[in-house]
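Just so you know, all these numbers are worked out from the coordinates, no wet-lab data involved. Being a predicted model, the structure only gives us computed values, none of them experimental. FYI the Cβ positions are ideal-geometry reconstructions off the backbone, even for glycines, and counts take in every protein chain you see.
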Amino acid sequence: MSASSTARGQDPDQGQEYDKIGPTAHVTAYAWYQLGLPYSHLFATREGAMMYWAFRAATEPAIRAFKIPSLLDYLEFRHRMLDTQLDAMAPDRIIELGAGLSHRGVTWALDRGVRYTEIDLPHMSAAKRGMLDKAPGRVRLALHNGTLELRSTNILAPSFADEFAELVAGAERPVVVSEGMLDYFELSDRETLLHNLAAGFRKAGVAGHYLTDLQRGDRERKAGTAAKVTRQAIKLATRGQAVAKPFRNLEHVDRVFALAGFDAGAELAPKLLAEREPRLRRLRSPTTIWLASVNARTDAPA
């Protein structure tokens with residue numbers, strides 16, 4: 001279930017069906033509202049409420065019959081894992097890809113004073129800006145002074161590496177985060193994005209991290225019915241837009257990131273993060289939370 005409407009960062013006039021992933025932004029935002037997360041009320045929509053409750057009603061029989069986690073359990077696990085790790089890293093610069101209706105940017109900009117850039121497709125950024133224009137003055141001030149930035153750009157274009165380098169330049173602990181986005185890309189597009197990020201960190205001459213969730217075929221097979229129900233539910237919620245083929249296994253994840261230019265990567269263990277966020281002890285999911293890093297060196301000629 002994606003928090004974003006990101007499919008391909010191209011111009012709408014080129015014929016892409018950008019609205020297919022859009023519904024997930026509404027559903028996920030309403031789930032965060034149900035969890036009572038900070039500032040999530042700003043992005044809870046009537047459409048999101050209708051889709052969320054319809055989705056729950058449709059999947060409740062399977063949840064009871066197979067004793068599998070609910071939609072809210074899956075989304076809460078993913079969200080709390082990412083937020084807990086992000087909090088532990090204490091970043092001074094955050095870029096969120098495919099931000100959708102995420103409340104994370106408002107939270108970090110207002111409560112932490114951290115410069116935060118959200119990147120998404122033009123129509124999604126415009127819709128979110130319309131919501132924030134009606135928000136309290138503190139939110140509008142963050143947009144005005146640049147602490148919170150909504151940006152539309154093509155993250156798969158070769159030029160994004162240079163643009164990204166400018167975004168993280170001068171930061172000491174920059175972190176890129178994406179939630180529910182990477183799995184909608186085909187493998188070739190994932191490789192392109194990862195290359196852009198690694199190259200951007202090196203062009204800026206800074207060490208940085210990419211924190212994201214992803215799916216693995218080996219874990220989905222082990223999860224069995226739970227994974228099948230989740231995939232069908234995602235297809236239903238996105239009006240036919242299913243996620244792409246998952247990574248094969250943990251070794252495949254590590255290899256793809258390494259070939260794209262990342263220096264290290266590791267799966268985050270829920271048990272370790274549960275020390276900081278006790279709620280994680282009660283949640284389970286086949287989702288993998290992956291943290292990749294690029295060391296502080298530059299690709300610029302000496």
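The packing ranking of peptides 29-38, 165-174, highest mean first, is 29-38, 165-174, where packing means the average number of other beta carbon atoms within 10 angstrom of each residue.
Rounded to the nearest 0.05, what FRET efficiency do residue 269 and residue 221 have when you use their Cβ-Cβ distance and R0 = 30 Å? Walk me through the numbers before you get to the answer.
Values: r = 21 Å, r/R0 = 0.69.
That gives a FRET efficiency of 0.90.
Working from label points 7 Å from Cα in the Cα-to-Cβ sense, the residue 154 to residue 123 distance is 1.8 nm.
Of the listed pairs 222/245; 203/271; 222/271, which have alpha-carbon separations greater than 24 Å here? Present the calculation step by step, with values, prior to reporting the outcome.
Details: 222/245 16 Å; 203/271 35 Å; 222/271 19 Å.
Pairs exceeding the cut-off: 203/271.
Calculated translational diffusion coefficient of the range 174-217 (4 °C, 1.567 mPa s; Stokes-Einstein with Kirkwood radius over alpha-carbon pairs) equals 115 µm²/s. Grab every C-alpha pair in the range 12-294, bin the distances at 5 angstrom width from 0 up to the longest one, and report whole percents. Whole-percent P(r) values from 0 Å outward: 1, 5, 12, 17, 20, 19, 15, 8, 3, 1, 0. Normalised size of the range 136-206, defined as Cα radius of gyration per 2.2 N^0.38 Å with N residues, equals 1.26.
Here 56, 80 are placed in order of increasing Cβ neighbour count within 10 Å, fewest first, which gives 56, 80. The distance from the alpha carbon centre of the range 109-184 to that of the range 255-297 is 22 Å, rounded to a whole number. Projected over all directions and averaged, the alpha-carbon convex hull of the range 251-302 occupies 5.0 nm².
Dipole magnitude for the range 12-294: computed about the Cα centre from +1 point charges on Lys and Arg Cβ and -1 point charges on Asp and Glu Cβ, it is near 1040 debye.
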